[in-house]
Amino acid sequence: MMLHTVVDPATEEAVTKVESLDAAQVDAAVARAVAAGPAWRAVAPADRARLLRRFAAVVDAHVDELADLEVRGSGHTIGNARWEAGNVRDVLDYYAAAPERLFGRQIPVAGGLDVTFREPLGVVGIIVPWNFPMPIAGWGFAPALAAGNTVVLKPAELTPLTALGLAELGLEAGLPPDVFTVLPGKGSVVGERLVTHERVRKIVFTGSTAVGTEILRRAADQVKRVTLELGGKSANIVFADADVERAAADAPSGVFDNAGQDCCARSRILVQRPVYERFLELLEPAVTGLRVGSPAKPDTGMGPLISAEQRQRVSGFVESGADAAGRPVDVAFRGHAPDGAGFWYPPTVVLPRSTADPVWREEVFGPVVAVLPFDDEADAIALANDTEYGLSGSIWTRDVGRALRVARAVESGNLSVNSNSSVRYSTPFGGFKRSGLGRELGPDALEAFTEVKNVFISDE
Ligand code: NAD
């Protein structure tokens, strides 16, 4: 039996060991999920709704326990971790309304009645990254279960604990066995087997663009359905007519939340030239004032990175990084980080010299933000769109017309005006370009977990 040691990123101490499953164990779990399918889809809509509501209530009763597990196993701040567990509850509650509202259509035709049904796909495989173990799991399993699918879910190898906890809470809430199974293990073993398994009808993958691209390629062999939520390099655009104080005060939360390990991180800040210096002056105290430290303390604003490897990667963009011309990266200012054990990295603001600099173009996935000035609206839009990604972004302006024009012009799935928040469980979430394929959450996710079936009944 292979075991993976889960490490507390704030202390580098072992938390526990979790079994890493092999391909044969995945096959056995998928077979059980296939067998559980017919009974699960036959559960009356109102009963399936009741079960999901009960699942939400059981999660609610365990929010603190799940949050503590995420603090220790993933280094999330306690405030974030409680929000994340609460988000799973809310997503379950939201999709609990779905079984009774999975409407088809009745379409006028000659010679009979034509109706459409939304049929479940069968077994859905969900592959989750380490940065938001709970919400990303919930965004997959809640709508998938509501639509009548059974689910096998692979958490990231580094962060399996809360997903395993959620599967237990599902059973406690009364979900039948094998309807929702969590399979911890390696991407190259468990993840790959879910992708190649014929009876897994859909893969919901959240993770890097490199792995997502490979999954899309391999899914083609079976015309397997996929939803992909991939990387990001989102722009936070601050116009001179904005409330610059608010934009600067809020910018750190838009990029340093979860220590910047957030696909929606606004890691490129674009500031209109007349307020560029002022914005940087206001940003500095907001960054240096960020409390970085033990994620278990309620007043901590930023915790550690997930691993030593991730810290090495992040520091490779700054300490040992270079601009496109080979010069050292220009650090404007940075916040604090504790010394000693733990995968700490200070929040860091850099000033790129050109848009060809790696720190401007690539997803750092850590607490590093790059700031550049721009001239006018057209310049801002061109800079924001000069990336292979298109996940989120912010626009700060007091001009409603400009807000609308820029929001329509930026090639990105989730934009916010005078705000840096992009995720709401009742609205669609997903990426343009290489940030992904398909949408999660909101009304859209249900479509992603069903096939439309058209049935014609002759009246003769
Ligand atoms: P990753 O791609 O390395 O891994 C993601 C998951 O895929 C893990 O569970 C991993 O074990 C599994 N995996 C790895 N190789 C696999 C393979 N060959 N076949 C099947 N599964 C495989 O990503 P990560 O480092 O865990 O997460 C960070 C990335 O996730 C970042 O790029 C980030 O932007 C992205 N992300 C995107 C979103 C979004 O919603 N768009 C949300 C969170 C994170």
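Since every read-out is calculated from the coordinates, none of them should be taken as a lab result. On a predicted model such as this, the values are computed, not experimentally measured, just so you know. Counting neighbours? That spans all protein chains shown, and the Cβs are built from the backbone with ideal geometry, glycine included.
Some notes on this structure:
- Per-region count, the stretch 117-134, residues surrounded by fewer than 20 Cβ atoms within 10 Å (Cβ to Cβ) and not in a loop (DSSP other than H, G, I, E, B): 3
- Within the stretch 185-223, the set of residues being in a strand (DSSP E or B), closer than 26 Å to PHE432 by Cβ and more than 11 Å from the ligand (Cβ to nearest atom) comprises ARG201, LYS202.
- Some residue of the stretch 165-180 being touching a residue at least 24 places away in the same chain (Cβ under 8 Å) and either in a strand (DSSP E or B) or within 7 Å of the ligand (Cβ to nearest atom) (or both): yes
- So VAL226, is it of a type in the set (A, V, I, L, M), more than 9 Å from the ligand (Cβ to nearest atom), within 30 Å of ILE269 (Cα to Cα) and out of contact with any Gly (no Cβ under 6 Å at 6 or more places or on another chain): no
- Helices (runs of 4 or more DSSP H) contained entirely in the stretch 270-383, each with at least 3 residues that are surrounded by fewer than 21 Cβ atoms within 10 Å (Cβ to Cβ), within 16 Å of the ligand (Cβ to nearest atom) and not hydroxyl-bearing (Ser, Thr, Tyr): 308-315
- Residues considered: ALA49, ALA97. Of these, the only one that is over 22 Å from the mean Cα position of the chain (by Cα) and loosely packed, with under 14 Cβ neighbours inside 10 Å is ALA97.
- Of all the residues in the stretch 392-408, those that are buried (at least 17 other Cβ atoms within 10 Å of the Cβ), of a type outside the set (Val, Ile, Thr) and out of contact with any Leu (no Cβ under 8 Å at 6 or more places or on another chain) number 3.
- Residue-level analysis places GLU229 among those that are of a type in the set (Asp, Glu) and touching a residue at least 60 places away in the same chain (Cβ under 8 Å).
- For beta carbons closer than 9 Å, sequence separation of 6+ or different chains, a first residue in the stretch 417-433 that is under 25 Å from ARG398 (Cα atoms) and a second that is outside any loop (DSSP other than H, G, I, E, B) and among the β-branched types (Val, Ile, Thr), the qualifying pairs are VAL417/ILE395; VAL417/VAL400; VAL417/VAL406; ASN418/ILE395; ASN420/VAL255.
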